[in-house]
Each structure stands twice: as C-alpha cells, then as structure tokens.
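Bear in mind these aren't lab numbers, they're just calculated from the coordinates by the rules spelled out. Bear in mind the structure is a predicted one, so any value in this text is a computation, not a measurement. A quick note on method: Cβ atoms are made from the backbone with ideal geometry, for glycine too, and the neighbour counts reach across all protein chains shown.
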Ligand SMILES: [Mg+2]
C-alpha cells in the first residue's frame, strides 16, 4: 500500500521546506510533490469511514459517528475540492470546504476529511499528528465514560444507583462518569406519570421539552443523589441533561445539586441536535449557580462558538472533533476558550476507534483548560480486530498513554476489515 522510496523522498522534501526560512513574502509558495488522487467513503458497522489516497501510496483515514451512515454522499460531495491538492496543506483544503458544512450532523463529513488529512500529513512528515498540532504538553490523556452504561432494571433512584455502581467497576477505571438525566433520558422522564407540562414528542433526537412539574424535578434530583452516593468523592459525576429545560428549571435544578459538587451539567437549554447555542439563556443559568454549565457538542466551526465564549455563557465547552470541523479546529476553539476562563471536555461517545486516535493526538496538545474527552465506544466489538496500532489495553486507570507512531498511528487490518464492507464498497482498500 505504501511506496516507501517515494514517501521517503516526499518526507525529505517536506521537512526541508518546513526548515527553510522564508525571508520575503514574494518567495514562491513551497510545495511537496504529493497529490490527492481519491476520496472514498465506506460504511462499516454504520460508521462512515473516510479514506484519502495519494499518488505517493500513503493514505489517510478519518471516521464519523457510528450512527451516521447517511453521510456517505455528503463526504463524496467534497471530492472535487480535494483531487490534485497537496494533502499536507491541510489549512488550504479546509479553506475550500469549511464553508460547506453546518451544525451536527452536517459538519461530520468535513470533520472526518480534516482528520484524514492530518493522518497523511503526519505520515509524510514522519511524525505523530500531535507534533503538527503544536507538540504534546501531556503524555497521557484523561478520558471520561459517557457510553459504557449497563442496562437499567427500572427507573427508580435505586436502579440508577445500581447502574452507576457497575460503571464505577468498569475495567477502564474511569475517574469521571457522565450519566443521562432529564430530557436527555426520555425513559427517566416518561416513566413518570406527570413529569412535565407537555406530552412526549416523536421526532429526531431529544424531542421533549417544557416546564417540569415539582414531582418531575424532584424525581430527577433523587436519581442524581443516588448516583452521587455510589461514586463518592473519588469519581466525578457529570450529567447530560437536555436540551429542553426552561431557564428557571435549569437554575432550580443546578442550585439543588450544588452540595453534591457535580462536575458539570450538559446541554440544559440547547445542545444535541439544536441549531442555535443560545448564549444569552445559557449565560443566565451559568451566572445563577456554582455548578459548572457545559454545552457545545453539536456546534460546527469557531464562528458558531464565538457567542458562547465571548459572552462567557458556559463554564465548559464540549466540541466533538468529528462534528466541529476537525482536530485543528477544536484546538483553536479550546485556545480561545482558555483565554476566557472556559474549560474543554470534548464530546466523542460514537467517534469510533479512529476517533480515539484523533482524540488522543488532540488531547495531548490542548491547553490546561482540558478536562477529559468522552471515550468512544466501538459500535461493534470487531472494531478491535480491524483497527491496529492502539495501546493494549487502550485505557489504563482512566487515562490513555499518548503514542509516538507517525500520522494518527493507527491502520486497518485490511483482511479483517474487508469482511465488514458492503458490496458497493468492496474496492475501498484497493
Ligand atoms: Mg451530550
């Protein structure tokens, strides 16, 4: 798959051009001699996998969330902007395509392409991607558990306590656990006879919203108290809550939880699959409580983070590298957030194992406002046989060691991966 002599030549050219001084603006633009030859997308286990091929034999891979198979034509839409371009000029290609995306789920295609480009750039330079993003400032990165949730036996506080106890015992040794409550957890809300002043809605993700009844509010609080009691002080508890709360309910809820030292409350007002971050309403909640307020997993590009950050509307942002426009974009947003006293905890529950690699390189370079990224759970167990290059085990005591292989440092076991390709994608690895 890799023409080593041509790649070594390209690597030397690339490094020499990087090292060369550029004394005058009039100097011709430096170039490597590598060109993109194809952009492909295969759906594996429901997850769009992006492959960018080059005339040097090196390929880069990216991935989108595991339940977005409908993105395939969106990915291929950008092909015409990539062909014959130098993949190591990541910023130049992003200028061409970044305007043609939108909030979740429509930013995922651009994001997966960006990550695949960095994978190529790292391989061509012979360095891990984190070096190209500025160099690591931590050698192991903290993760949090937002996805390993054993089945519940019911919807009582005791049921949530038992589930949380199992999450605490997970072999990954998570130091921070996120549970779903409120409108983010329709089962919790709908199990009540009269939890809020509207009816359950049918529609795209998280359709319920409205003013909570007193009983509804108290039930959610009791469930949280039960979870927190299980975790004690040693493991943090964050809560994914919405969207769909009113500002006043959000404030009542947050204030009731203040004695519990919750790590954050996520997406109370807007969030997952909403089109407007609504900074003004978040700011009112944030200013009214000592509990850190979090949002942002659906947001595409820095422009759409501007209000939240500049108005200091939340305490923590949670961009997803596979939705926000990629890893360099997320780093830029995190640096800007850091200037405003805002923390970052990247979202990632469905980002897959290529996503794990992208998250680790990114987390290694984020400023000191980094908390943890949400550990992606593979949609199918066979992904562990298909993707090679990750540490084994991947997670040790709630952290992942940063590795030093070039590019993202992961590759496909092609023989194993081919078994999971659809018929129309069978040439994906050729
Ligand atoms: Mg969320």
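Please work out whether the chain counts as rounded, prolate or oblate from its C-alpha gyration tensor, where a ≥ b ≥ c are the square roots of the eigenvalues and a/c under 1.5 means rounded, while otherwise a/b larger than b/c means prolate and anything else oblate?
Details: a/c = 1.96, a/b = 1.74, b/c = 1.13.
Prolate shape, in that a/c is at least 1.5 and a/b is the bigger ratio.
Test of understanding: what is the full-extension gain from residue 95 to residue 209, defined as 0.36 nm times their sequence separation minus their Cα-Cα distance?
Values: separation 114, 0.36 × 114 = 41.04 nm, distance 3.73 nm.
Going from the current span to full extension adds 37.3 nm.
Counting only DSSP beta bridges with both residues in the chain, tell me the antiparallel percent, nearest 5. Display every interim value, and only then the final one.
Numbers: 20 of 39 bridges.
The antiparallel proportion sits near 50 percent.
Express in nm, to one decimal, how much length is gained between residue 385 and residue 332 on full extension, taking 0.36 nm for each residue of separation and deducting their alpha carbon distance.
Working: separation 53, 0.36 × 53 = 19.08 nm, distance 3.34 nm.
Full extension of this stretch gives 15.7 nm more.
Give me the distance between the Cα centres of segment 298-357 and segment 82-138, rounded to whole Å.
A separation of 16 Å, based on Cα centres.
Any idea what the relative contact order of the chain is, in percent, if you count C-alpha pairs under 8 Å spaced at least 6 apart?
Values: 917 pairs, mean separation 79.5, N = 430.
Dividing the mean separation by the residue count of the chain yields 18 percent.
State the extension gain, in nm to one decimal, for the chain segment bounded by residue 229 and residue 392, taking 0.36 nm per residue of separation less the distance between their alpha-carbons. Can you show the working numbers first?
Values: separation 163, 0.36 × 163 = 58.68 nm, distance 3.21 nm.
Full-extension gain reported as 55.5 nm.
Based on the mean of other beta carbon atoms within 10 Å per residue, what is the order of 195-202, 45-52, 57-64, 337-344, most packed first?
Details: 195-202: 13.5, 45-52: 23.2, 57-64: 25.9, 337-344: 18.4.
Highest-to-lowest ranking by the protection proxy: 57-64, 45-52, 337-344, 195-202.
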